[in-house]
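Here is the structure we will look at.
The values are calculated or read from the model by the stated rules, or taken from the named source; none is laboratory data. Only a predicted model underlies this, so the values are computations on that prediction, with no experimental measurement involved. Positions of Cβ are generated from backbone atoms using ideal geometry, with glycine treated the same way; all protein chains shown enter the neighbour counts. Ligands, DNA and RNA are excluded from the accessible area calculation, which covers all protein heavy atoms including side chains. Shrake-Rupley method; radii C 1.70, N 1.55, O 1.52, S 1.80 Å.
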Amino acid sequence: MATLNIDIEKEQQRVQSELEKQGLRVLVCAGTGCVANGALEVIKKFEEFGVKTGVMSAQDKITIIPTGCHGFCEQGVLVGIPKLKTTYVKVKVEDVEEIVESHIKGGKVVERLLYVDPKTKERIQYDEDINFYKKQTRTALANCGNIDAESLDEALAVHGYEALAKVLIQNDPNAVIDTILKSGLKGRGGAGFPTGLKWKFAAANRGGKSYMICNGDEGDPGAFMDRSVMEGDPHKLLEGMAIAAFAIGADEGYIYVRAEYPLAIKRLRKAIKEAEERNYLGKNIMGSDFSFEIHIKEGAGAFVCGEETALMASIEGERGMPRPKPPFPANKGLFGRPTVINNVETLANVPVIIRKGADWFSSMGTENAKGTKTFALTGEVNNTGLIEVPMGTTLREIIFDIGGGIRNGKKFKAVQIGGPSGGCLTEEHLDVPMDYDNLAKVGAMVGSGGLVVMNEDTCIVEVARFFMNFTQNESCGKCVPCREGTKNLLHILQKIVKGRGTEEDIETLEELSAAIKDGALCALGKTAPNPVLSTLKYFKDEYMAHIRDKKCPAGVCSALKQYTIDETLCKGCTKCARNCPVGAIEGTVKNPHKIDQSKCIKCGACYDACPFKAIKKG
Amino acid sequence: MVEEKSINLTKVDEIINSYEGKKTNLIAILQKVQELYSYLPMEAMTYIGTKMEGLSPATVYGVATFYAQFSLEPKGKYVIKMCDGTACHVRGSMPVYNSVISRFNLKNGKYTTEDGMFSVETVSCLGACGLAPVVVINEQVYPKMTTDAMKVILDDIIKQERE
């Protein structure tokens, strides 16, 4: 047992009483999504009505809290007033006055700014009652959207650094590792390796210099959970890293963040500075013998750097190319020293496991996958956003309950899970409990947790081409199977979407995929064929339609489709002709127009522009 | 090929020194240099490779060409980044991208307009998937883009520039 010079309980009491002085807390989401929708202007407007001008003095004081991402990006800007049990959605600057005057001062809810349930069309007042939130279990994301991400005090108010204090008082690194092992926590970045085991391997090398790295290079297109944690609750990540560093005996750490996430970088820098100033990080943390400093390394736009050995090469200032394993990072990692690399979400789970215990954590989830998982639910679904559910939740619950079903009443076709390393699943998989093993069985993977929902208008072959184009671009070029293999896979897929595919191509795709999976050096290459293999498995008909019938059933592949104008629907408004970039549409005002097929480049501009749905594709 | 202007190397020196000339900071140094010039001038890269210990111009060039963030040519005043991550792709980022490309008549691997006003590029994911498709012009994020909206935004910028 060790004694600390910061009494975390007293600090929590102090902060609580500070928070009470704030009066009515108005939470305005200031994550990347809501900022794009104008959150900063909304905050400014609120402040005009708030503490500064004293308008509220007759009432209780109000305090405007800019928070991190609340997850419900599509409905942004989100404004939450927990004390009034109200969440407003799609708030614009011009709505602020009404919220203040009518609701905060007058006690009358502004109905028109409440969320409308896509199924029942009911207006719902509080986010806890919205299906999108109601069916979630938020642990890693617990504080995202509920606290001021730029304040250490706010983090302390929600148990921040309590777990770190606990392990420092106990002063037994092995006990920490045992707890994490027992909790069953597995890596949330994709591979699903047991976190405790990783720590144990590195801890075996205690004594010399070692490093703790946080992998925040969230490169999977369609995944943004790590961004949300870094932006919305940076102290939780720092605390998780400090606990891990204590367990493995590291005194220095790095957070590797994508350069595409400027807000996350800014908030992390601020959080590190404040934590160091107040001795929650740095030398002799909280008066203990444990010292730990954290640096931030900005990525420079290379997907492969999410692979742990490539990431270390990048931190060392080199080209981010993977190195063969073994040696594993736990033995020989950054600068040749023992290193542990954990993903952001993994580390965000660590403090709460220490605080509430391994049993609490392992009570959630399935046999082989404990706890919760975040998913970025996007694409053609009504409620897009970031969610967190217990492992083992089915796709049906996620897409149809939380996600509110497919938008515009269209039909569900497939869901792409796990990004460029994952696969496409169909209707028959909607009831599979999602965890590492079950998804692997059906040819997909949890991956980082991107879920892109597709409807009948999505061409699956084109999606496979899209992913192959991505991995081919991002292949670092070090090993032949990935460098040349992905190039050839892409070439074949391009041929097929252009209507020049042959039946032998299918065989070649399968054969080549197997070779890449076997021979590639790192996980990027080994998993690159997954989108091709899973779509071939479940959507062979669609490949065959492109190859045999020279048709794209979804009407996406431009070489295989034709735009025509339905003369009975065309009102002759000329909008299509004005939008056509190549002047392929002819016609006079108020008379039906015609597309000259020899000039048409099939860009779809007319299709998008027509207000009367007179343009048909197929 | 854009003509190389001679550059002021004292500023590059300052950047190198602010990172203590450590080669592990090479990426950060290149990022700062790019911030300064909006691209990585060959002269600056050669200088860094010669000046810093343990590096060669070839190594610096190798690192610069590895990462997508680095540009070896000057970019336009307005950099239009079209997100083509999965969510944006599924919700129609490509028609928007194509409309920009054809508007500026950019083809055959050319991504900057003749007048140096606009550069157009695709990026894999900006993590704003809930707002797909997303376009970022310089620092400004435009959510839920359509070809129509894109036209209006570009018209506005061009009008502003004329004034």
How big is the gap, in Å, between the Cα center of region A:426-499 and the Cα center of region A:149-224? 31
Using a 1.4 Å probe and counting only protein heavy atoms, how much accessible surface gets buried when B and A come together, both sides summed, in Å² to the nearest 100? 3400
Region A:478-561 - percent of accessible surface contributed by carbon and sulfur, probe 1.4 Å: 51
Of the accessible area of region A:152-361, computed with a 1.4 Å probe and all protein chains kept, carbon and sulfur make up a percent value of 52
Place a label point 7 angstrom from the Cα of residue A:586 along the Cα-to-Cβ direction, then list the residues of region A:599-618 whose backbone nitrogen is under 18 Å away. A:599-602
Between the modelled labels at residue A:562 and residue A:502 (7 Å from Cα along Cα→Cβ) the distance in nm is 2.7
Based on alpha-carbon centroids, what's the gap between region A:354-381 and region A:289-320 in Å, whole number please? 27
Solvent-accessible surface (1.4 angstrom probe) belonging to residue A:396, in square angstrom, nearest 10: 100
Among B:76, B:130, B:109, the residue with the largest mean-square fluctuation in a Gaussian network model of chain B built from Cα contacts under 10 Å is B:109
Hey, for a label at residue A:120 modelled as a point 7 Å past Cα toward Cβ, could you say which residues of region A:364-402 have their backbone N under 16 Å away? A:401-402
Give the total of Lys-Lys pairs in region A:460-547 with Cα-Cα distances below 15 Å; include a pair only if its members are 8 or more places apart or on different chains. 6
For A:220, B:148, A:549, the accessible-area ranking with a 1.4 Å probe, largest leading, is A:549, B:148, A:220
Keeping every protein chain in place, order B:38, A:183 by accessible area at 1.4 Å, biggest value first, i.e. largest first. B:38, A:183
Carbon and sulfur together cover what percent of the accessible area of region B:9-66 at a 1.4 Å probe radius? 54
Under a point spin-label approximation (7 Å from Cα along Cα-to-Cβ), what is the residue A:84-residue A:1 distance to one decimal in nm? 4.9
Sorted by accessible surface (1.4 Å probe, heavy atoms of the protein chains only), largest first, A:360, A:199 come out as A:360, A:199
Give me, ordered by chain and number, the residues 5 or more places off residue A:339 or on other chains with an amide H under 5 Å from its own placed amide H. A:211, A:330, A:331, A:332, A:333, A:334
Of the candidates B:135, B:123, B:152, which one comes out as most mobile in a Gaussian network treatment of chain B with C-alpha springs shorter than 10 Å? B:152
Add -39500 (n - 2.57) for each DSSP H run of 4 or more in chain A, then divide by its residues: what number comes out at 222 nm, to the nearest 500 deg cm²/dmol? -10500 deg cm²/dmol
Pop out a list of residues from region B:54-94 that are at least 50 Å² less accessible with all the protein chains around than in their chain alone; 1.4 Å probe, no ligands or nucleic acids counted. B:66, B:67, B:86, B:89, B:90, B:91
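May I ask you to derive the FRET efficiency for residue A:102 and residue A:480 from their Cβ-Cβ distance with R0 = 56 Å, giving the value to the nearest 0.05?
Taking R0 as 56 Å, the efficiency between residue A:102 and residue A:480 is 0.25.
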Which net charge results for the neighbourhood of residue A:378, defined as the other residues with beta-carbon distances under 10 angstrom from its beta-carbon, given Lys and Arg at +1 and Asp and Glu at -1? -1
Per residue, how much accessible area does the protein assembly as shown show when a 1.4 Å probe rolls over the protein heavy atoms, in square angstrom? 41
